[in-house]
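Here's the structure we're looking at; comments come further down.
Where a number appears in this text, it was derived from the coordinates with a stated rule and is not lab data. Predicted model only: the values in this text are computed from it and were never measured. Ideal geometry is used to build each Cβ from the backbone, glycine not excepted, and the neighbour counts take in all protein chains shown.
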Amino acid sequence: MERCFACDRQLGKTPRLVDTRDGQTVYVGSECFKHIEAAAELGWQPSKGGPRLYLLKSDGMTPTKTVFERDVHKCQRCPHVWMSRKGSRPERCPRCKSMLWDTSKKQKRGPKPGTTRPRKDEKRGPRSRKSKKARKGK
């Protein structure tokens, strides 16, 4: 069973992800998370020792290293961070239901593979851009 990093108690249904500022993110229970929230930028020092714990900054990056084996994911569209139950990539964000949870809103997606746009000098089909007089003259 997974345990709180700060107090070593068993984690509840909603463990919270926090930062140690040494390249590691860890999970804490709701009681310890209240202490971390109250400390804000100063960080909270757990009574059992270990590094100071800080709130995660919402910089849009997914944590790279975690204490537990589960994958941690962060939605790029809303501030939700969650642990996946399966080892595979999630289909959508459980909070906002976006299927594009791993792409930022500002990032533009390119054309689909295999599709091309016609050049300006190429005809666009049977009805290319012509004036009404030119079409009537046919």
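Per-structure values
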| quantity | calculated |
| --- | --- |
| Efficiency of FRET between His80 and Ser47 - r from beta-carbon atoms, R0 41 angstrom, step 0.05 | 0.85 |
| Restraint check, Lys74/Lys97; Lys57/Lys97; Lys13/Lys34; Lys13/Lys86, Cα-Cα greater than 18 Å | Lys57/Lys97 |
